[in-house]
Amino acid sequence: MPSKKISLTINGEAVEADVEARMLLIHFLREQLNITGPHIGCETSHCGACTVDLDGKSVKACTIFAVQADGGELLTVEGLANGAELHPLQEGFFQCHGLQCSFCTPGMLTRAYRLLQDNPNPSDEEIRMGLSGNLCRCTGYQNIVKAVRYAADKINQAEGAN
Amino acid sequence: MSDAPELTLEEREATIGGIGTARKRKEDARFIRGKGNYVDDIKLPGMLHGDFVRSSHAHALIKSIDTEEALKVDGVLAVITAKDLEPLSLHWMPTLAGDMAAVLADKKVHFQNQEVAFVVAADRYAAADGVQRVDVEYEELPPLIDPKRALDDDAPVIRDDVAENDEVGQGSRHHPNHIFEWKVGDKEATDAAFETADIRIREEIAYPRCHPSPLETCGCVASMDAVNGKLTVYGTFQAPHVVRTVVSLITGLAESNIRIVSPDIGGGFGNKVGAYPGYVCAAAASIVTGHPVKWIESRIDNLSTTAFARDYHMTGELAADKDGKILAVRANVIADHGAFNTHAQPMKWPAGLFNIVTGSYNIPVGHVEVNGVFTNKAPGGVAYRCSFRVTEAAYLIERLVDILAQKTGIDKAEIRLRNFVQPEQFPYSSCLGWEYDSGDYPTALQTAMQAVDYAGLRKEQAEKRDKGELMGIGISTFTEIVGAGPVRNCDIVGLGMFDSCEIRVHPTGSVIARLGTKSQGQGHETTFAQIIATELGIPSDDITIEEGDTDTAPYGLGTYGSRSTPVAGAATARAARKIKDKAKKIAAHVLEASEDDLEWEVDRFRVAGSDISMKMKDIAMAAYSNVPDGLEHGLETTDYYNPPNFTYPFGAYICVVDIDRFTGDVKVRRFYALDDCGTRINPMVIDGQIHGGLAEAYGIAMGQEISYDETGNVLGASLMDYFLPTSVETPEWETDFTVTPCPHHPIGAKGIGESPNVGGVPAFTNAIVDAFAHHGVTHMPMPHTQAKVWQTLNELGLNK
Ligand code: FES
Ligand code: FES
């Protein structure tokens, strides 16, 4: 199989790798790099479990090839916390019981991260709309909405204080 | 041994974080960092990947399987067919229901996407390439899709392998496509009651084929250590010990040489109870190749092959007097089990606990008949977030009661209040054989009615009807039966449905406890620690809960059917109490007091009326250093709990919908759910379970269906077609509760996981039908897609 050398930044670290041209980004992350935070729930772009952040956009990593991420800046759930310090979204999910089996959580967190970058003070309805590409089978979404709200408030308060 | 300054009793209780605390979840620490460990995250040295060649036909003979081209693919190591498994006797496997299921199709395929060959390759891409190149030649046979035609004289015979058998594991049968006939109740008395009753209603009510579809599909990594002869299988198993026993039975390996590990599981909802060909093939492939072999299902495989739920075709009838008092219930069901009988029910209950169809109502007589049949569809019939066909039963009775209300002109809440089993009737023996342990149904419904201003809603509805607008109010006052179960009538492949907990208190006072159950998101690491915390006075943060490794956990029957808290939770409390009894002896010894003088106080034993006490933490150390003569050292024990009865959680749900009469769009304006699960261990977790279960109920009621065309092509087997609700359409949930402790459970808990699914679905249907009730509509078949609702509007001419 033809392969190609790619280089990109993942969670702040430079990565170089040879990848098969047909290798999906999600498989590259999970199997080649052992970055197993992003999950596979469908491989058909429906569930959002594989969501990562690529160059300032949420991307379903089962929907693009690894080679398409060449030169990009990629963030996965593993890169959200700042060392021991949780991202307000992670804290929100914990405080508001926004996860159960947690298979959706890494995708939800990275998607919510982008949502708050784009819209720092979303209404509940905007949160629901913003997360509509990410399925959760366990929580019924209500506490996820709360968790995102919690994070938005916390970030906004911290910024207000600065 | 008194210590000052003292915390108050309340402060000490608070530090413990025991039963009743909305404790944050312990497992979340890894999950929110993306550090969960799910089966597909497991990578072993030299690991290979397996993938299936699947049948394109629903019913066909296999003429030939050509693997030559596949074996030429770079990275493909082996292609396994039934012929290869036959010498190992692994081409068929026993099912949990006493039937046999093909591991790989043996001369014949019985449903579309059935497993035909297993390609083993270096990675998943090579495996997929190999699958593409296996050439299977079929000779098509006429398929049988409609379960109602399964027992016709001229119906195609699906299972040639058992065509002549008089039974396939669940009692006698009378047709090659027949699986079982199950009858319960007093037929004569029921028929007589129907004959003389003033009011009779009858409705055909189908519960469509749906699928639990957890976000993580099924999968495993099997690893045979040829040197030690030990087989380890990591997989998505809701019941790891049962898997170990079954693997031992089918492979002949000693059970001590099998280790089953369930790592973190990404949701189960019944999908991960069964044994699937993928597990067997991965294990066989590992034995054959000497490498670990991983098999992970795709979403399409998941929806179209492993563990569908429901597919119950019910005819329900009620007899009543003019006041709406129910005199008798009758139900006749055709249960479509697909091509193999692989449903997971206690063995003696081929229709599960369907005879809870009396619901929350005091019904003097009843009769139920269920016939299971084979069709050319995927096998299963699992309990999708449900306790063994309870969902079907609750749906039927909650629908029938509504229909009776419409027929008699009695309000739908009022008719329930007239028929409820009354609080003073408990323990209540139902006409179909259950002993309901406890309940207070009238309080639940009246509380719900007040909370939503039921009278006000009915008034609003009447006004809207005058204006031609459609608004529906759906009530569901369901009773569940969960916590399987008493060993005398519940077993799976002969294993009694007890459960277990082992507790070890370490010298410095922290604890590890292991259980026979397995969390799939329910939060066991948090909630079971709370039970121990309260019982032993040790902070729940100091208690580690472990499940899922059969080499370390005590034997248990696993997590499904809302049984973890009712059964393993009871074992946990009892194990803790055994420890506490021993701790008391040690405390008496150290304090030089009589045991009789010691009283328990949150986290310590106190010599009554004195300031002399000894904390559990200090007792723990003494257990390893200073025990009285005749007492063993150490502070650990195991409890195996055989419940005396099931538990009977119940609830009162009210759903309000507004329907757009031009488009058929159904808006859930309000959903109020009152649940009574007895003692509440962690209110936060309970609310989370209810939210999740209601969202599933919403999905089932509004859109989930795995249907087939007449040639047996499965429709709806991808997330494009199969409805999993998103955050946008999922309604907001209001939760509420009453507490009626379970009288026979050590801490009074009843289980909650499934109530919202069981009770939620009828609330949605009842609301939607209620919106049309004034037009004479008594039933609308699920799922209530916009297109189907529009059809009803169109037929009634309401969209003009
Ligand atoms: S795995 Fe990528 S969207 Fe489901
Ligand atoms: S927490 Fe299980 S899928 Fe979202």
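For segment B:46-59, the set of residues classified as closer than 24 Å to A:I26 by Cβ and either in contact with a His (Cβ under 8 Å, 6 or more places away or on another chain) or free of Cβ contacts under 8 Å to residues at least 24 places away in the same chain (or both) consists of B:G46, B:M47, B:L48, listed by residue number. Once segment A:9-45 is narrowed to residues that are surrounded by 15 or more Cβ atoms within 10 Å (Cβ to Cβ) and more than 30 Å from B:D28 (Cβ to Cβ), the residue that is nearest to ligand 2 (Cβ to nearest atom) is A:M23.
Quick check on segment A:80-121: of everything there that is of a type in the set (G, A, S) and modelled with pLDDT of 95 or more, which residue is farthest from ligand 2 (Cβ to nearest atom)?
Across segment A:80-121, the extreme among qualifying residues is A:A81.
You will find that of A:I64, A:I40, the residue that is of a type in the set (A, V, I, L, M), facing another protein chain (nearest Cβ under 9 Å) and within 15 Å of ligand 1 (Cβ to nearest atom) is A:I40 and no other.
Sort out which residues of segment A:46-60 are among the aliphatic types (A, V, I, L, M) and away from ligand 2 (no atom under 16 Å from the Cβ), and write them in order of number. Listed by number, the residues that qualify are A:V52, A:L54, A:V59.
The single residue among B:E13, B:E27, B:E6 that is within 14 Å of chain A (Cβ to nearest Cβ), of a type in the set (D, E) and either farther than 20 Å from B:F118 by Cβ or touching a residue at least 60 places away in the same chain (Cβ under 8 Å) (or both) turns out to be B:E27. For segment B:23-38, the set of residues classified as of a type outside the set (V, I, T) and surrounded by 20 or more Cβ atoms within 10 Å (Cβ to Cβ) consists of B:R23, B:R25, B:E27, B:D28, B:F31, B:G34, B:G36, B:Y38, listed by residue number. Inspection of segment B:298-309 finds no residue satisfying the criterion of being assigned to a strand (DSSP E or B), more than 26 Å from the chain's Cα centre (by Cα) and more than 16 Å from ligand 1 (Cβ to nearest atom). State whether one or more residues within segment A:110-127 are outside the structural domain of A:I35 (by TED's automatic domain parsing), surrounded by 24 or more Cβ atoms within 10 Å (Cβ to Cβ) and not in a helix (DSSP H, G or I). There is no residue in segment A:110-127 that is outside the structural domain of A:I35 (by TED's automatic domain parsing), surrounded by 24 or more Cβ atoms within 10 Å (Cβ to Cβ) and not in a helix (DSSP H, G or I).
Return the only residue of B:A284, B:A254 being more than 16 Å from ligand 1 (Cβ to nearest atom) and surrounded by 22 or more Cβ atoms within 10 Å (Cβ to Cβ).
Going through B:A284, B:A254 in turn, just one is more than 16 Å from ligand 1 (Cβ to nearest atom) and surrounded by 22 or more Cβ atoms within 10 Å (Cβ to Cβ): B:A284.
Considering only residues in segment B:31-42 that are of a type in the set (D, E, K, R) and touching a residue at least 40 places away in the same chain (Cβ under 8 Å), the one that is farthest from the other protein chains (Cβ to nearest Cβ) turns out to be B:D40. With segment B:462-569 as the region, which strands (runs of 3 or more DSSP E) entirely inside it contain at least 2 residues that are free of Cβ contacts under 8 Å to residues at least 60 places away in the same chain? So the answer is B:511-515, B:543-547.
The set of residues from segment B:169-218 being within 14 Å of chain A (Cβ to nearest Cβ), out of contact with any helix residue (DSSP H, G or I) (no Cβ under 7 Å at 6 or more places or on another chain) and away from ligand 1 (no atom under 16 Å from the Cβ) comprises just one member, B:P212.
Restricted to segment B:709-733, and to residues there that are within 20 Å of B:E297 (Cβ to Cβ) and either at the interface with chain A (Cβ under 8 Å from one of its Cβ atoms) or of a type in the set (F, W, Y) (or both), the residue that is surrounded by the most Cβ atoms within 10 Å (Cβ to Cβ) is B:Y722. Quick check on A:K5: is it more than 14 Å from ligand 1 (Cβ to nearest atom), more than 7 Å from chain B (Cβ to nearest Cβ) and among the charged types (D, E, K, R)? Yes, satisfied. Scanning segment B:192-207 for residues that are surrounded by 19 or more Cβ atoms within 10 Å (Cβ to Cβ) and of a type outside the set (A, V, I, L, M, F, W, C) turns up just one, B:Y207.
If I filter segment A:128-146 down to residues being facing chain B (nearest Cβ under 10 Å) and assigned to a helix (DSSP H, G or I), which single residue comes out as surrounded by the most Cβ atoms within 10 Å (Cβ to Cβ)? Going through the qualifying residues, I end up with A:I144.
Yes/no matrix, rows are residues, columns are (1) under 22 Å from the mean Cα position of the chain (by Cα); (2) in the same structural domain as B:T517 (by TED's automatic domain parsing); (3) among the aliphatic types (A, V, I, L, M); (4) outside any loop (DSSP other than H, G, I, E, B):
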residue	(1), (2), (3), (4)
B:V227	no, no, yes, no
B:F237	yes, no, no, no
B:V242	yes, no, yes, yes
B:T245	yes, no, no, yes
B:S248	no, no, no, yes
B:I260	yes, no, yes, yes
B:V280	no, no, yes, yes
B:A285	no, no, yes, yes
B:V288	no, no, yes, yes
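The residue that is nearest to the chain's Cα centre (by Cα), counting only those in segment B:631-649 that are farther than 19 Å from B:P741 by Cα and not hydrophobic (A, V, I, L, M, F, W, C), is B:Y640.
Being within 20 Å of the chain's Cα centre (by Cα), among the small types (G, A, S) and at pLDDT 95 or above is the requirement here; does B:G664 meet it? Spell out the reasoning first.
Values: within 20 Å of the chain's Cα centre (by Cα): no; among the small types (G, A, S): yes; at pLDDT 95 or above: yes.
The answer is no for B:G664.
Taken across segment A:87-108, residues that are acidic (D, E), more than 9 Å from chain B (Cβ to nearest Cβ) and either surrounded by fewer than 22 Cβ atoms within 10 Å (Cβ to Cβ) or away from ligand 1 (no atom under 16 Å from the Cβ) (or both) do not occur at all. The residues in segment A:134-151 that are in contact (Cβ under 8 Å) with a residue 60 or more places away in the chain and away from ligand 2 (no atom under 16 Å from the Cβ) can be counted, and the count is 2. Candidates B:R299, B:R259: the one that is surrounded by fewer than 24 Cβ atoms within 10 Å (Cβ to Cβ), within 16 Å of ligand 2 (Cβ to nearest atom) and in contact (Cβ under 8 Å) with a residue 60 or more places away in the chain is B:R299.
For segment B:512-543, the candidate set comprises residues that are among the β-branched types (V, I, T) and farther than 27 Å from B:H691 by Cβ; within that set, the residue that is surrounded by the most Cβ atoms within 10 Å (Cβ to Cβ) is B:I538.
When we screen B:A717, B:A673, B:A652 for residues that are within 30 Å of B:L353 (Cβ to Cβ) and either part of a loop (DSSP other than H, G, I, E, B) or among the β-branched types (V, I, T) (or both), the only hit is B:A717.
The values are calculated or read from the model by the stated rules, or taken from the named source; none is laboratory data. What you are looking at is a predicted structure, and each value in this text was computed from that prediction instead of being measured. We place every Cβ from the backbone using ideal geometry, glycine too, and count neighbours over all the protein chains shown.
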